[in-house]
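Following: one structure in structure tokens, then a few remarks.
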Amino acid sequence: MAKLGPTPDAISTILACPDPSGSVERPDIVIQVLDLGPRGITYKFTASDGKMKLKGMFSSQLASQITSGNIQNLGLVRILDYAVNEIPGMSENYVLVKQCEVVSPALETEIKNEVKSEVKSGEVGIILKPKQEMVSKSASQIVHEQNGNMAPAARMAMTRRVHPLVSLNPYQGNWTIKVRVTNKGTMRTYKNARGEGCVFNVELTDEEGTQIQATMFNEAAKKFFEKFELGKVYYISKGSLRVANKQFKTVQNDYEMNLNENSEVEEAINEAAFVPETKFNFVPVDMLGPHVNGKELVDVIGVVQSVSPTMSIRRKSNNESIPKRDITIADETKKTVVVSLWGELATSVGQELLDIADQSPIVAIKSLKVGDFQGVSLSTLSRSTVVVNPELPEAKRLRSWYDSEGKGASLASVGNGMSPLAKNGARSMYSDRVSLSHISDDPSLGEDKPVFFSVKAFISSIRPDQALWYRACKTCNKKVTEAIGSGYWCEGCQKNDEECSLRYILVARVTDASGEAYLSLFNEEAERVIGCSADELDKLKSQEGEENVYQLKLKQATWVPHLFRVSVSQNEYNNEKRKRITARAVAPVDFAAESKLLLEEISKMKASQ
């Protein structure tokens, strides 16, 4: 009778030393391989020492030994190098076998140390009774049998184990998830060096509110595009995960999912539907600056300060009218920001907010795009979610602050006084640096969509006879008109106010060594150029005297070097396209940084010669 078996307490030894790389002496670890099966390009298994079991996976380098039949199910292997990893979100561990050697091919049965009567004193292992009906099988035979004996989809739905999204990772196989499609993208085509293809994405949300983006290419995209319907619940399996590309990800998840033509997608029919819990990752209003014009979406929570009536905006792409409504919110940072609600959100939730605006409701909004209008602004997308007066700890804390302090506090727009470097990124003034001639000499620049550049230039003139400012609402900064009787009427806030403020909106001529151009400046940027607020400049204009202090103030602003972050776009006026250059940020010249930039440019020129 043969004496073969795993090392006693091998699993305990592995768990006690999860990373043996630093160990001087490595213990002899022999385990039995159970439940061997494929997972992507490698194989998963269960390691057993007869008493304990541990989930495991062979590294991809060992896949050839499995397909060739050297490593077999029910066989014994000696583990030479390994690492124990934790499955995120779960209390389970798994062992990744990096190197091993075969001790025995497939045994006739699984070894269990509970069979005490067959273990002799002083011997390790078990005396096995031969069973002629048991046949050694390689991994390829097991895979073939598994594929041939698959249960129907309906039976699988009854027996499958559903994994929460938070537990998935790239090293895990054979999972099934139950998710709702919360956003579906359009089918897009692409062309690269390898040829042409198509791709589309869906955003999936499970019952716990965890989200993940799934991408399908070519055949998989064609197979699943019609199958996935917005709002429906599906079982999904046989997909793979990889680390998410931060440049393109739209949800808060470190991983993204890829589905191929062999993946399984089955609609959950005749089952209790679930409404995913909405999870937020709030960004304080005063921290929105670094996200301006970025690809990553943000979540915010705030107290509603004002709600505008619905307006109709015509899209340039298809000339279609779409409803829009602006709300202004504030948070504990004592900063306000304008949020533009688009489409159905403007007419449904927007109307609800208008009806209860006098109660200062709290809104939590998920998936907002951060733009640079008025310094910093927010806009909803098709995937955005708005929750009014949510039952969240953050909402209760915000309500307590507003009732006790915020209601009477002095609030300011987040765009006011914000450092242009913080607003547009730390390197914005020194990235995409071009001359004015580069902008003015290219007639197609900004034709399809706005483009952004950095320039170093001088203000050469500001016409004193132009309208340098407009009367603005102190709450929402929108234009006001004189009310009947007294005061000023704000269409956005739908109220009269006794006072208003003045905000800059002017055009200045700027010059550099290559040429000149006309630059539009709004309030914050103009204040940095002129050196005072529009209200202060208006007082200087009204002063009488021999010396015109108003014109002198404008003259002092000229021929001073500035760094500008500008956008270039084309607008149609009287059936004629005109290029518009707008200052998005202004900063004084940092001569040390400027010198460093010039030295880098000189080095590049020398290297290219």
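The values are calculated or read from the model by the stated rules, or taken from the named source; none is laboratory data. Quick caveat, the model's predicted, so the values are computed rather than measured. We place every Cβ from the backbone using ideal geometry, glycine too, and count neighbours over all the protein chains shown. When the accessible area is computed, the model is the full protein with side chains, heavy atoms only, and any ligands, DNA or RNA have been set aside. Shrake-Rupley method; radii C 1.70, N 1.55, O 1.52, S 1.80 Å.
Here's how it looks for residue 51: its modeled amide H is under 5 Å from those of 113, which are all 5 or more places away or on a different chain. Listed cross-link partners 369/449; 223/279; 295/606; 449/596; 279/369; 51/98 are compared with a 27 Å cut-off, the Cα-Cα value being larger for 223/279; 295/606; 449/596. Applied to the range 385-401, the Karplus parametrisation 6.51 cos²θ - 1.76 cosθ + 1.60 on θ = phi - 60° returns per-residue 3J(HN,Hα) values of 10, 10, 10, 8, 6, x, 8, 10, x, 5, 5, 5, 5, 5, 5, 4, 5 Hz, with x for Gly and Pro.
Which entries of 55/232; 44/112; 478/553; 366/479 have Cα-Cα distances beyond 24 Å here? Pairs exceeding the cut-off: 55/232; 478/553; 366/479. With θ taken as phi - 60° and the Karplus curve 6.51 cos²θ - 1.76 cosθ + 1.60 applied, the whole-hertz 3J(HN,Hα) list for the range 586-592 is 9, 9, x, 6, 8, 5, 5 Hz, x standing for glycine and proline. Solvent-accessible area per residue in the range 300-352 equals 44 Å², computed with a 1.4 angstrom probe and all protein chains kept. In terms of packing, defined here as the mean over residues of other Cβ atoms within 10 angstrom, the peptides 51-64, 591-604 line up highest first as 51-64, 591-604. Compared with the alpha-carbon gap, the fully stretched path from residue 605 to residue 187 is longer by 146.1 nm at 0.36 nm per residue. Applied to the range 63-78, the Karplus parametrisation 6.51 cos²θ - 1.76 cosθ + 1.60 on θ = phi - 60° returns per-residue 3J(HN,Hα) values of 4, 5, 5, 7, 5, 7, x, 5, 9, 10, 4, 6, x, 10, 10, 9 Hz, with x for Gly and Pro.
With a simple spin-label model that places each label point 7 Å from the Cα along the Cα-to-Cβ direction, the separation between residue 320 and residue 225 comes to 1.7 nm. Multiplying the residue separation of residue 412 and residue 396 by 0.36 nm and removing their Cα-Cα distance gives an extension gain of 3.5 nm.
Taking label points 7 Å from Cα along the Cα-to-Cβ direction, residue 270 and residue 538 give a separation of 7.1 nm.
Distance between the modelled labels on residue 102 and residue 174, one decimal in nanometres: 2.1 nm (7 Å Cα→Cβ projection). Neighbours of residue 536, meaning other residues whose beta-carbon lies under 11 angstrom from its beta-carbon, give a summed charge of 0 when Lys and Arg score +1 and Asp and Glu score -1. Loop-resident GluC sites (Glu not before Pro) (DSSP state other than H, G, I, E or B) in the range 173-216 with no more than 15 further Cβ atoms inside 10 Å of their Cβ: 208.
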